[in-house]
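Working notes, beginning with the structure itself.
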There are 2 protein chains.
Amino acid sequence: MTESLAKKQLILNLFEMNCVGHITHGLWRLPHNHRSEYKDLAYWLELARLAESGGFDAIFIADVLGAYDVYGDSPAPALLEGIQAPNNDPMLVVPAMAAVTEHLGFGITFSTSYEPPFAFARRMSTLDHLTKGRVGWNVVTSYLPNAARNFGLDAEIPKAERYARAAEYLDVLYKLWEGSWEDDAVVALPEADGLEPGSGVYTDPAKVHAIDHEGAHFRVAGPHLSEPSPQRTPVLFLATASPDGVEQAARNAEVVFTGGPAVKAVGAATRAAAVEAGRSADDVSFIVQAGVVTGRTDEEVAEKLALYRSFASAQGKLVHRSVPFDALSHPKDRTVREALEIEGRLDHPGAASLPLDITVGQLVDGVDEAWGGTFFVAGTPTVVVDAIERWLDEEGIDGINLRQYHSFDTLRDFVELIVPELRRRGRVREGYTPGETLRERLTGGGPRLPETHPAAAYRRTAAEA
Amino acid sequence: MTESLAKKQLILNLFEMNCVGHITHGLWRLPHNHRSEYKDLAYWLELARLAESGGFDAIFIADVLGAYDVYGDSPAPALLEGIQAPNNDPMLVVPAMAAVTEHLGFGITFSTSYEPPFAFARRMSTLDHLTKGRVGWNVVTSYLPNAARNFGLDAEIPKAERYARAAEYLDVLYKLWEGSWEDDAVVALPEADGLEPGSGVYTDPAKVHAIDHEGAHFRVAGPHLSEPSPQRTPVLFLATASPDGVEQAARNAEVVFTGGPAVKAVGAATRAAAVEAGRSADDVSFIVQAGVVTGRTDEEVAEKLALYRSFASAQGKLVHRSVPFDALSHPKDRTVREALEIEGRLDHPGAASLPLDITVGQLVDGVDEAWGGTFFVAGTPTVVVDAIERWLDEEGIDGINLRQYHSFDTLRDFVELIVPELRRRGRVREGYTPGETLRERLTGGGPRLPETHPAAAYRRTAAEA
């Protein structure tokens, strides 16, 4: 036990999205897959109960605010195969899941680019109240051109401006969440507590403050409408692998959602930048999207993997990656550059992020993150947990967002086969601590952001108040 | 039975708000009142179960996006007594209530003034999916100066512009909800239905349309992100008693939430304007906020009423009405005009809606809508239902939003004492019809807006598609 306590514990999230086809394109069509029931409450209630039965930390819910329409110059391919379209709001499934669970957390993706901060601040405070401190926010800035056009713009906001806007957005939220209401502002003394009729005070107004924010992008008066919730600021997730993202993550994130071959480098750079920003290197954790296909025997694993792969959509991957040409129509030995030239698309904004000198075949058939790469494993429980331990100890990650191939088989397999083995090896705790907030569970600290976090600067001390 | 079927049926909603002090100011302090638990899921789950056990049509949830800060030139009086501040988001309690009910509807207040229509459209579609067609939208344009300042403006948007903006907002939503996805756009044929791997189609892209809205206030490309929900457009509630409101209600509302002495006139004017706009006079129903204090005996009623009134806050009413002077500090026989003059506030925008020639005493002590007026009754069940029948048959209303004095006593009293008597008299149905949407229940029509509604103009016929 002493030895196992010293081991790094796995942050264990389920990766979800309120849509039929999230990240394993084509697989919604698998027999007995419940993904097309994403519109029903029953789907989410079953998912939440199952995740909590397996001790998951949270369900992490992705989101996009537009349709993928670069591949094929149209949303048609995305719609045809249900690639993240249609989709529904990620936040509204949380209260229902909270009603049937006690401990499970919820990470909600929300973009700082299109909606006003004041309304979002209240929504997250509401959720933090309703869940008693079980919510996190996955801070994103959006990148789909169609999303921009759905919110009155001609095209996506340039990256630098999106990030500047996000930085100010976060400041506004920190002021509302941390600075507007003092801890003891709510008095809430009804007569039942012995006062006379008429003397009841709900709030001490001297302890509630306007924020009067005036910035380049936002003007927000305040005060915050919600009284302080258990965590005040929800747990801050931030998804990034790019240098711009690293700086913002280092300043703000408690958990960085990253991936790709450069995970170690992103981790080291982010921790260094966090220290630079006055935080501790340990204030930031790193999670990756991971794929696990498991079973009781090697044969079962192989069969399952073969079945899953047989439903995978090659076109789905191209849609999701916004590949700006019809890669499936070119000979496989043509280079990506040649194909783009033939289609007159070398200058397309979407071409900038493509590897130009590989062949089209390599692009199409190359390692799909859903089926390979560092954070994928197919095997019996021992093999899987060996891999997860390697990810924790050698790749330097702290946790995973578990990709789903089949709902609910992927989750059920993980709960029944992998979690017991992880517990045997001391990599996940035996159970939940009653009353613990998501932040306490993920960071080992208190329910609120530590003093080293920039949001803490907006708190009012008793002396200032 | 035949006779009772011909009687006008009561639309029965519970009036709520996600805050400690909604409309019966001061009463959160009553012994055993659960209102200060508004932050807890348990409060909302209990409320929903109780309302459904009594056959209520819906819980109608009010909202404001700022603090009342005209009275006392500060939000302090509102905060002190918990007058609609602090408050939490109204939409986020709905999925949890939906998870523990099957039939109960939910009317959600949302303002067209501050948040982008595209995100709201998806939120309501999501709720309509999750509830299987049990949601309504209470369309408001907001009026609190502080709300405007929370969303980047200097002061509230002038009324005419608010209404113009609301009209376009509704158009955008109608295009997204009714026009973007054809009824048979979702095909959703997985292999389980007999197709080969790879052949599954989720959506027929030819039946999904961008809306490409370009207007004075909004530019929205689309397509809508959500697939068609049971009702598509949620049931449209619209709160108004003013002439500007009547026109918008006549064009759009299915249920008008009105009040005051002019209910009949508003009803007649709205129905006439609805016919003018090409709709039927019967396409619009009228509900009012109503107060009911009841008990098994006259003594019980009198005791309850006296107890409730002893906790009522006079200042709360002035805060809520945004009275722009300290009415409680003036002699009672001074006129409102004189008091305003003394305070140099005759020109205050808030003075425009005050009756200037009554005395301050009349203003302060005058009939509080919470305790009197046309749609208030205190009495045993027979007395109460006599009054409700009068409201239906003589005042011309179709239903009520039941004001709460005490949570959950007001609702429990109504369910246990009033609903049985209403059923005996054929004024509410015996139970719910399984699978019925809120629209079907409230309007007697189909699950979707009738063809006479302006939103129907955005639907695509097979020929156009």
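Before moving on, here are some points about what is shown:
- All aspartates and glutamates inside 14 Å of A:LYS332 as judged from Cα atoms, apart from same-chain residues fewer than 8 positions distant: A:ASP357, A:ASP365
- Gyration tensor over alpha-carbon atoms, the range A:1-77, equivalent ellipsoid semi-axes in Å: 32, 17, 11
- Within the shell of other residues whose beta carbon sits under 11 angstrom from the beta carbon of A:THR359, the net charge comes to -1, with Lys and Arg scored +1 and Asp and Glu -1.
- Paramagnetic label reach from B:GLU416 (point 7 Å along Cα→Cβ; backbone nitrogen cut-off under 15 Å): within the range B:44-58, residues B:50-51, B:53-54.
- Counting only the Cα atoms, the range B:1-155 fills a convex hull of 147 Å³ per residue.
- Residue-count net charge about B:GLU338 - beta-carbon cut-off 14 Å; Lys, Arg +1, Asp, Glu -1: -1
- Counting, for every residue in A:206-218, the Cβ atoms of other protein chains within 10 Å of its Cβ and taking the mean gives 2.
- Simple point charges give the picture: +1 on the Cβ of Lys and Arg, -1 on the Cβ of Asp and Glu, and for the protein assembly as shown a dipole about the Cα centre of about 280 debye.
- Taking all protein chains as shown and a probe of 1.4 angstrom, B:SER142 keeps an accessible surface of around 20 Å².
- Copy-to-copy label separations for B:ASP40, where each label sits 7 Å from Cα toward Cβ, in nm and ascending: 3.2
- Counted charge near A:ARG219, where neighbours are those whose Cβ lies closer than 14 Å (Asp, Glu -1; Lys, Arg +1): -2
- Gyration tensor (alpha-carbon) shape descriptor, the range A:312-465, a/c threshold 1.5: oblate
- Shielding by partners - mean other protein chain Cβ count within 10 Å, residues of B:107-114: 1
- Relative contact order of chain A, defined on C-alpha pairs under 8 angstrom at six or more residues apart (%): 23 percent
- Summary for A:GLU436: label point 7 Å along Cα→Cβ; distances to the equivalent points in the other copies, ascending, 4.8 nm.
- Across the identical copies, how the B:GLU168 labels are spaced - nm, sorted shortest first, 7 Å along Cα→Cβ: 2.2
- In angstrom, the C-alpha Rg and Dmax of the range B:304-358 are 13.1, 42.
- Computed from Cα atoms, the angle from the helix A:159-174 axis to the main principal axis of chain A rounds to 30 degrees.
- Once the Cβ-Cβ distance of A:THR452 and A:VAL383 is raised to the sixth power relative to R0 = 35 Å, the FRET efficiency obtained is 0.35.
- Volume per residue that the Cα convex hull of chain B spans, once the total is divided by residue count, Å³: 167 Å³
- Among the residues of B:149-162, the average count of other protein chain beta-carbon atoms within 10 Å of the residue beta-carbon is 3.
- For A:LYS175, the lysines whose Cα falls under 29 Å of its own Cα, not counting residues fewer than eight places away in the same chain, are A:LYS132, A:LYS159, A:LYS207, B:LYS39.
- Each stretch of four or more DSSP H residues adds -39500 (n - 2.57); spread over every residue of chain B, this sum gives -9500 deg cm²/dmol at 222 nm.
- Förster radius 56 Å - calculated FRET efficiency between B:ALA155 and A:LEU356, Cβ distance, rounded to 0.05: 0.55
- Taking a straight line from the alpha carbon of A:LYS8, these lysines sit under 18 Å away, with near neighbours fewer than eight places off in the same chain left out: A:LYS264.
The values are calculated or read from the model by the stated rules, or taken from the named source; none is laboratory data. Every value quoted in this text rests on a predicted model; they were computed, and no experiment measured them. Using ideal geometry, Cβ is built from the backbone for each residue, glycine included, and neighbour counts are taken over all protein chains shown. All accessible areas refer to the heavy atoms of the entire protein, side chains included, with ligands and DNA or RNA removed. Shrake-Rupley method; radii C 1.70, N 1.55, O 1.52, S 1.80 Å.
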